[in-house]
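K.L.:
Okay, here's the structure, questions in a sec.
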Amino acid sequence: MANFLLRRLAMMILTMLCASFLVFAVCEFTPGSVARKSLGPFATQQQVDLLTEKLKANDPLLVRYGRWLGVLVGAIPDPLQDPATGLNFKDPRGAQYFGNFGYSTLNKLPVNDVIWDRLGNTAILAGLAFLLIVPLSIVFGVLSGLREGGVLDRTLSVICITFTSIPEFASGVFLVTLFVILWPILPGTSPLNSDGGWAVPYQFVLPVAVLVIYDFGYVARMIRVSMIGVMERPYIRTAILKGMSTRRMVLSHALRNAMIAPFTVLLLQINFLISGVVVTELVFAYPGFGRLILEASLFGDMATLEAATLITVAVAVVTQLLGDLGYMLLDPRIRVR
């Protein structure tokens with residue numbers, strides 16, 4: 001087990017290094033000078049020339065990547081905070097610390113002062129949605145699998161397929177029309193403050209509902225297919241012939257084996273809920289991580305984009321590790337290997 005974890009951690013570090021190099025290279029090769037992209041469109045040419053010299057932007061790509069990585073891990077001080085540049089970029093954490101993502105030209109703040117609050121907001125939204133998606137999809141998937149081809153299976157399948165096929169913006173507009181305009185019991189936006197007269201918990205209802213409606217049907221269909229396969233296994237038939245109740249047979253024998261394949265799908269929803277909910281956050285003006293990525297892309301805020309991309313990759317890598325550990329818990333054969 002310890003060797004497995006060490007190997008997986010080594011692979012995670014290698015993956016993060018490869019991903020960071022690709023992110024850095026893509027940002028470097030976009031049109032415009034490195035100094036101009038770091039300072040933003042409103043910097044003077046004198047500031048751009050000074051920073052170009054300070055960053056040594058004419059060095060080879062690998063040298064610049066090594067320097068950027070050194071700033072990120074805190075091995076060398078951030079050149080943007082050098083008083084000689086005249087930029088007056090200040091970070092309360094100092095110029096040299098681990099996790100220094102640089103300075104956001106969009107928000108005029110260190111990236112760390114912006115990105116973690118947005119990520120926290122999205123984590124709350126994603127967590128609430130995930131807490132509803134998992135039990136709902138399991139109930140729908142198991143009931144459909146147990147009644148394959150029956151009225152209940154067809155009814156639940158129609159519901160799942162219909163909800164999954166509705167885009168987020170369409171369900172968002174529909175829910176706003178229903179619960180904000182026609183029957184005004186919920187707020188139409190979610191800025192996470194009480195300035196509009198709505199308490200913050202009410203502001204989560206519609207965004208969470210949109211995410212659950214869009215996502216649970218897909219996972220439920222995966223669980224249904226897996227459940228149907230498990231129900232055809234000989235040990236299930238034996239349990240039924242021995243007179244075991246349906247509830248005990250499902251909870252003791254079928255559900256655990258049926259969740260092995262959909263487990264990966266469930267973990268992939270975490271990646272989607274963290275970085276792929278741009279549409280939902282835009283529809284409800286939610287100050288989240290996906291909206292921050294979109295705003296940084298439109299403004300050309302390269303430091304924020306690099307940081308957001310690395311965090312997204314880190315979330316994907318960690319969920320894959322959790323997936324491997326989950327497989328070991330669900331399937332004893334993997335533990336033996």
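K.L.:
Suppose we filter 155, 162 for residues that are under 30 Å from residue 232 (Cβ atoms), part of a helix (DSSP H, G or I), among the polar types (S, T, N, Q) and within 25 Å of the chain's Cα centre (by Cα); which single one remains?
P.N.:
Values: 155 fails: within 25 Å of the chain's Cα centre (by Cα).
Every option except 162 fails the conditions.
K.L.:
Which of the following residues is of a type in the set (Gly, Ala, Ser) and farther than 20 Å from residue 28 by Cβ: 127, 102?
P.N.:
Going through 127, 102 in turn, the sole match is 127.
K.L.:
Specify which of the listed residues (292, 255, 268) is touching a Leu at 6+ places or on another chain (Cβ under 9 Å) and either touching a residue at least 12 places away in the same chain (Cβ under 8 Å) or in a helix (DSSP H, G or I) (or both).
P.N.:
From the options 292, 255, 268, the qualifying one is 292.
K.L.:
Write out, first by first residue and then by second, each pair whose Cβ atoms fall under 9 Å of each other, whose residues are 6+ apart or on separate chains, and whose first residue, in the range 155-184, is farther than 17 Å from residue 277 by Cα while the second is loosely packed, with under 11 Cβ neighbours inside 10 Å.
P.N.:
Going by the 9 Å Cβ cut-off, the qualifying pairs are 179/185.
K.L.:
Here's something else I'd like to know. Might you check whether a residue that is in a loop (DSSP other than H, G, I, E, B) and under 30 Å from residue 324 (Cβ atoms) occurs anywhere in the range 60-78?
P.N.:
Yes: one or more hits.
K.L.:
Of everything in the range 213-239, what is among the charged types (D, E, K, R) and in contact (Cβ under 8 Å) with a residue 40 or more places away in the chain? Give them in sequence order.
P.N.:
Those that are among the charged types (D, E, K, R) and in contact (Cβ under 8 Å) with a residue 40 or more places away in the chain: 215, 221, 224.
K.L.:
Here is a further query. Taking into account only those residues within the range 127-146 that are over 27 Å from residue 275 (Cα atoms) and open to solvent by 40 Å² or more (accessible area, probe 1.4 Å), which is nearest to the chain's Cα centre (by Cα)?
P.N.:
143
K.L.:
Still on this structure: Among the residues of the range 176-215, write down those that are polar (S, T, N, Q) and open to solvent by 40 Å² or more (accessible area, probe 1.4 Å). Full working, then the answer.
P.N.:
Within the range 176-215, the subset polar (S, T, N, Q) is 177, 189-190, 193-194, 203.
The answer is 177, 189, 193, 194.
K.L.:
Let me ask something additional. Considering (1) at positive phi; (2) under 26 Å from the mean Cα position of the chain (by Cα), say which one residue 149 fails and leave the rest.
P.N.:
Here residue 149 clears every test but (2).
K.L.:
Hey, can you tell me all the residues within the range 204-258 that are closer than 18 Å to residue 130 by Cβ and of a type outside the set (A, V, I, L, M, F, W, C)? Give the steps one after another, and end with the answer.
P.N.:
Let us first name the residues in the range 204-258 that are closer than 18 Å to residue 130 by Cβ, namely 204-223.
Scanning the range 204-258 gives 207, 214, 215, 217, 218, 221.
K.L.:
Please go through the range 186-233 and give me each residue that is in a loop (DSSP other than H, G, I, E, B) and under 21 Å from residue 282 (Cβ atoms), ordered by number.
P.N.:
The answer is 186, 187, 188, 189, 190, 191, 192, 193, 195, 196, 198, 204.
K.L.:
Looking at 265, 336, 318, can you tell me which residue is surrounded by fewer than 18 Cβ atoms within 10 Å (Cβ to Cβ), under 30 Å from residue 230 (Cβ atoms) and at pLDDT 85 or above?
P.N.:
When all the criteria are applied, what remains is 318.
K.L.:
When you scan the range 150-162, how many residues do you find that are crowded, with 17+ Cβ neighbours inside 10 Å and closer than 17 Å to residue 210 by Cβ?
P.N.:
Looking only at that region, the number is 1.
K.L.:
Could you tell me whether residue 165 is out of contact with any Gly (no Cβ under 7 Å at 6 or more places or on another chain) and either among the aromatic types (Phe, Trp, Tyr) or buried (at least 17 other Cβ atoms within 10 Å of the Cβ) (or both)?
P.N.:
no
K.L.:
While we're here: Which one of these is under 24 Å from residue 263 (Cβ atoms) and among the acidic types (Asp, Glu): 148, 168?
P.N.:
Details: 168 fails: under 24 Å from residue 263 (Cβ atoms).
None of the other options fit; the residue is 148.
K.L.:
Going through the range 87-119 one residue at a time, which ones are open to solvent by 40 Å² or more (accessible area, probe 1.4 Å) and part of a loop (DSSP other than H, G, I, E, B)?
P.N.:
Residues satisfying the conditions are 88, 90, 92, 93, 96, 98, 106, 107, 108.
The values are calculated or read from the model by the stated rules, or taken from the named source; none is laboratory data. In this text, all values refer to a predicted model and were calculated from it rather than measured experimentally. Please note: Cβ atoms are built from the backbone with ideal geometry, for glycine as well, and neighbour counts cover all protein chains shown. Calculation scope for accessible area: heavy atoms of the full protein, side chains included, ligands and nucleic acids excluded. Shrake-Rupley method; radii C 1.70, N 1.55, O 1.52, S 1.80 Å.
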